[in-house]
Amino acid sequence: MKKNIIKSIIFISILLILIEGLTWLLLPGFNICEFGTFKVANYEILGEDQDTIEAVFVGDSLVYSSLSPMEIWNEYGYTTFDCAEAAQVISDAYENIKVAIDSQHPKYIFMEANVILRDPSKREWGDKIAHEAKKYFPLAKFHDNWKSYVTKGTKENWINANKGYKYITKIVPSEPNNYMKYSKKLRDIPEGNLDYFEKIVDECNKNDVTLVLVSFPTQNAWGYRKHNTIEKVANEHNIEFIDLNLVDLGIDWRIDTKDDGSHLNYTGAKKVSHYMGNYLKELGIFTDYRNDEDYKSWNIAYKKYENNKLGDN
């Protein structure tokens, strides 16, 4: 019995060492020594060179469906990144923001307002399992990188081409449904969420990062009650709130949505990305790095983004 226990311990130890080693080999980033393999695997932004991202977008699937950093790069030359996951709750948004600030020290962080209103206790089991699996099995996200390692023997070609955005061209049309009909009512905020929001505000303030709340276009996950609640929270904290559901972006719900109005597809994301890129331009504090030799990897990423867009679904 004792021998079996010892054998099991040895086997598990060897397995963990192999996983750690493979994780190091397959990760597409360059900050492993600084942050550790598993942290780099859990937070894709750590795959970027430190202090190269000037604006970060944090939130749920509305972020990674609506905002394409590569479109902003191509049009304006600004470095942005989506730190988003499906059904993200505010505690996870807080952790993403801390990691983004620690590794990139961005000028601006844009947080999707919907996470303030999502009840963590009602998170779908599938999303919970996927979130935890990402923590403990990081190789699942990067298993295909072994092909590049074998054929090229280098990580230089593993550049994150989408910078957190999920490219989707599929069209499942929706008819406009007047979802932003005016109302004076408010939406309740789940217990504990405002406490985390206060932490996020404090984290940004102490690091001299401007926090902006933003709501991306969605007919099925937004409405005026949510708008009123977030506007109230933003005003109370002297924070800007951009509700893109009230901005004329030219969104056509018959062609710009992948799932009947819940999320945008690529054509919709291009419209949002153009608007947000122009917003950054109007601030007058962001740098156009397109001709900067230190940022040549972004031009490589854009070519990869254009020629080999990932996951058409």
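Remark: the D292-L186 segment gains 33.5 nm on full extension, using 0.36 nm per residue and subtracting the alpha carbon distance. A straight line joining the Cα centroids of the stretch 46-61 and the stretch 210-261 runs 21 Å. Share of carbon and sulfur in the accessible area of the stretch 242-283 stands at 47%, probe radius 1.4 Å. Taking the Cβ of G192 as the center, what net charge do the other residues with Cβ under 12 Å away carry, scoring Lys and Arg +1 and Asp and Glu -1? Neighbour charge sum, excluding G192 itself: -2.
Peptides 298-306, 173-181, 185-193, 261-269 ranked from most to least packed, by the mean per-residue count of other Cβ atoms within 10 Å: 261-269, 298-306, 185-193, 173-181. In this structure, the pairs whose alpha-carbon distance is over 20 Å, taken from K181/K258; K166/K206; K107/K281; K163/K296; K270/K303; K163/K270, are K181/K258; K166/K206.
The values are calculated or read from the model by the stated rules, or taken from the named source; none is laboratory data. No experiment lies behind these values; they were computed from the predicted model shown. Because the Cβ atoms are built from the backbone with ideal geometry, glycine has one as well, and the counts that use them run over all protein chains shown. Just so you know, the surface numbers come from the protein's heavy atoms only, side chains and all, with ligands and any DNA or RNA stripped out. Shrake-Rupley method; radii C 1.70, N 1.55, O 1.52, S 1.80 Å.
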